[in-house]
Amino acid sequence: MEKTQNKYSFGRHELIEQRKDNKRIKSKLVIIFLFIAVNIFLLLFLRSDIFTIAEISIHGVDKLSHEEIRTTMGIREGMNIWKISPPELKKRILIIPRVNDAKVERILPDNLNITITEKIPLILVPYHGYYLELAPDGIFIGIRESYNGELPLVNGLLWGRMDVGTGIPDQSRGEIVQEFLEVLNEIPSLPLAEINVENPQQIIVYTWEGMEVWLGNTHNLSKKIEVMQHIYHRVISLENDPKSGYLDLRVTEAPVFRPIEK
């Protein structure tokens, strides 16, 4: 009798556990079904016309055109805003030599906002009748057909192929120019009209007034340029015409203006 009762109790317990397992399975199936249903709904919602790009706004451009930016990105109105990748678009935009930085934002539901920061040229390099714009990073970012005296010119570079998007191929003289770029980036008011790097052992610059400045070789070049900035106004205020002499800065600690006797 006791054995029969124990067997009955065991079977009842097993049945209860089986029902609990069935409930757990049903609960899991319901959760999986709801998860799939929500994802399908979300996917259909994100692909709906409400997220079709209606406007591409581009800000911050000066020399670049909106069409150039759009062509580089490879996107247009009518595309789904979720099918474009802001980091990928930024990477494409940064390929343009004149672009310094870019910010790409989705403005939901249907606007794409692009903000561009352009590089500013600091030096011009004469090249085959044109003038190449040189940015602070040493990359050519554009071409000008004429020279209006707004930026210093670099002369004395050995001829090599120079194109927008590349740097100065003449490496030794290019390193000298890069030092000038770094100083000009920090002191835009430097009165430099021309930089002649033909002889790396005797770098010569000219101010807008035509004063000639001897800088010697590249040793302490940045310091020499800074010294020139400090004493420039005192030199041009001398009674003698600054064009009738030259400022000798080959020895940084002993700058001197040397008049040319007539």
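See the values below:
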item	result
Residue among L190, L238, L157 that is buried (at least 18 other Cβ atoms within 10 Å of the Cβ) and either out of contact with any Lys or Arg (no Cβ under 7 Å at 6 or more places or on another chain) or at pLDDT 95 or above (or both)	L190
Tabulated pairs, segment 219-247, first of a type in the set (S, T, N, Q), second at pLDDT below 70, C-beta under 8 angstrom, 6+ apart or interchain	S244/K262
Test: V154 is farther than 16 Å from D248 by Cα and part of a strand (DSSP E or B)	yes
Counted residues, segment 66-76 - those being β-branched (V, I, T), closer than 10 Å to I56 by Cβ and part of a helix (DSSP H, G or I)	1
Neighbours by Cβ (under 7 Å, 6+ apart or cross-chain): first from segment 148-172, within 21 Å of L190 (Cβ to Cβ); second assigned to a loop (DSSP other than H, G, I, E, B) and of a type in the set (K, R)	none
Matching residues, segment 62-107, being surrounded by 13 or more Cβ atoms within 10 Å (Cβ to Cβ), among the hydrophobic types (A, V, I, L, M, F, W, C) and within 16 Å of the chain's Cα centre (by Cα)	L64, I69, M73, L89, I93, L94, I96, V99, A102, V104
Failed item in (1) closer than 16 Å to K224 by Cβ; (2) in contact with a strand residue (DSSP E or B) (Cβ under 6 Å, 6 or more places away or on another chain), with L184 passing the rest	(2)
Matching residues, segment 170-196, being within 24 Å of the chain's Cα centre (by Cα) and among the acidic types (D, E)	D170, E175, E179, E182, E186
Residues of segment 192-223 satisfying the condition of being on the phi > 0 side of the Ramachandran plot and in contact with a helix residue (DSSP H, G or I) (Cβ under 6 Å, 6 or more places away or on another chain)	G210
Qualifying residue in segment 123-133 (condition: charged (D, E, K, R), under 22 Å from K91 (Cα atoms) and within 23 Å of the chain's Cα centre (by Cα))	no
Segments classed as strands (runs of 3 or more DSSP E), wholly inside segment 77-145, with at least 3 members that are under 24 Å from M162 (Cβ atoms)	123-127, 130-134, 140-144
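To keep it simple, each residue is scored yes or no on (1) out of contact with any Leu (no Cβ under 7 Å at 6 or more places or on another chain); (2) at pLDDT 90 or above.
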{"site": "K7", "(1), (2)": "yes, no"}
{"site": "F10", "(1), (2)": "yes, no"}
{"site": "F35", "(1), (2)": "yes, no"}
{"site": "F41", "(1), (2)": "yes, no"}
{"site": "E55", "(1), (2)": "yes, yes"}
{"site": "L64", "(1), (2)": "yes, yes"}
{"site": "M73", "(1), (2)": "no, yes"}
{"site": "T117", "(1), (2)": "yes, yes"}
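The values are calculated or read from the model by the stated rules, or taken from the named source; none is laboratory data. Owing to the predicted nature of the structure, the values given are computational and were not obtained by experimental measurement. Counting neighbours? That spans all protein chains shown, and the Cβs are built from the backbone with ideal geometry, glycine included.
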